[in-house]
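See below for the structure under consideration.
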Amino acid sequence: MAMHVSGACFSVFSGSRVGNIRAVASEGFATVKTAEDKVKLGGSDLKVTKLGVGAWSWGDTSYWNNFQWDDRKMKAAKAAFDTSLDNGITFFDTAEVYGSRASFGAINSETLLGRFIKERKQRDPEVEVTVATKFAALPWRLGRQSVLAALKDSLFRLGLSSVELYQLHWAGIWGNEGFIDGLGDAVEQGLVKAVGVSNYSEKRLRNAYEKLKKRGIPLASNQVNYSLIYRKPEENGVKAACDELGITLIAYCPIAQGALTGKYTPQNPPTGPRGRIYTAEYLRNLQPLLNRIKELGENYSKTSTQNSPCMSNSLAKQILFQQLEKCLTIC
């Protein structure tokens with residue numbers, strides 16, 4: 001039985017090779033076997049597994065988990081973490097704002113991930129875990145020092161001395177030049193191996209790229225919402241800019257927060273805030289696509305959950321012509 005324990009699923013798009021990253025531990029769980037199952041992020045030296053886990057829902061009670069976080073959900077998250085590592089999937093993405101200490105008994109996602117890493121390393125000291133987290137451009141934060149201060153707080157919660165990827169979670173109302181400087185400082189101080197941004201427009205992406213380039217630091221990635229039913233990065237110039245500049249596009253929610261898995265139906269929509277997005281009417285309109293995903297997946301002995309991220313890339317149009325074999329990804 002599938003354990004849906006994370007909403008921040010994401011896919012890595014590096015040039016024409018695409019690797020999908022899932023946040024679902026299920027039967028038929030894919031296994032990463034070789035170094036070829038890793039992809040380099042942009043112009044950095046960092047390589048991550050093509051499959052990974054997003055920890056948006058871990059500890060959260062405001063968007064996920066029906067406004068509660070309990071021991072059962074904790075065990076499910078821990079099981080997903082261990083199952084991922086057992087299958088060679090070592091890339092985990094979190095953020096300082098995932099989970100909130102101030103709402104309905106939530107627990108910070110970074111704290112949980114750090115706890116899971118510590119417990120696993122006690123049993124297996126040589127285990128590899130690649131961590132990505134994010135800086136929140138909150139209105140009261142200004143300048144490069146705010147980035148370094150937030151990063152050090154994240155490292156404390158994670159129980160780590162450094163992380164592999166540090167990202168600006170969204171563009172701030174002000175202070176963005178300083179935030180980019182802060183990313184560069186974090187690299188130069190050895191606190192991170194690579195830096196990226198998230199939810200950045202084409203213009204902001206290019207500005208960040210150029211500013212870091214002057215310091216000899218590559219902008220590794222831009223993490224944006226991108227799926228079969230949300231194709232904005234193709235329309236607003238973001239994906240084209242990433243391809244042009246050699247920046248890896250990390251697509252979050254490639255299974256549309258579960259809507260593309262076939263788990264939800266007009267009679268069984270998601271609960272909580274997602275139910276206001278994926279309504280019964282929305283799911284009815286989505287059903288032909290879900291049927292098509294299922295049909296194509298059956299030809300390759302893949303589930304809809306495995307299949308959907310495979311399709312959420314620039315080759316997606318070819319799906320309609322039954323050319324799934326041309327989608328370069330692990331599904």
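Any read-out appearing in this document is the output of simple, stated calculations on the displayed coordinates, not a laboratory observation. All values derive from a computational prediction rather than experimental measurement. Neighbour counts are summed over all protein chains in view; Cβ atoms, including those assigned to glycine, are modelled from backbone coordinates with ideal geometry.
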Check: Are any residues in the stretch 126-167 in a loop (DSSP other than H, G, I, E, B) and either touching a Cys at 6+ places or on another chain (Cβ under 9 Å) or among the charged types (D, E, K, R) (or both), and if so, which ones?
Finding: GLU126, GLU128, ARG141
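Here are SER201, SER162, SER154: which of them is surrounded by fewer than 17 Cβ atoms within 10 Å (Cβ to Cβ), more than 27 Å from GLU244 (Cα to Cα) and under 21 Å from the mean Cα position of the chain (by Cα)?
On the way: SER201 fails: more than 27 Å from GLU244 (Cα to Cα); SER154 fails: surrounded by fewer than 17 Cβ atoms within 10 Å (Cβ to Cβ).
Exactly one residue qualifies, and that residue is SER162.
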Next item on the list: Determine which member of the set PHE67, PHE81, PHE92 is on the phi > 0 side of the Ramachandran plot and in contact (Cβ under 8 Å) with a residue 24 or more places away in the chain.
Entry: PHE67
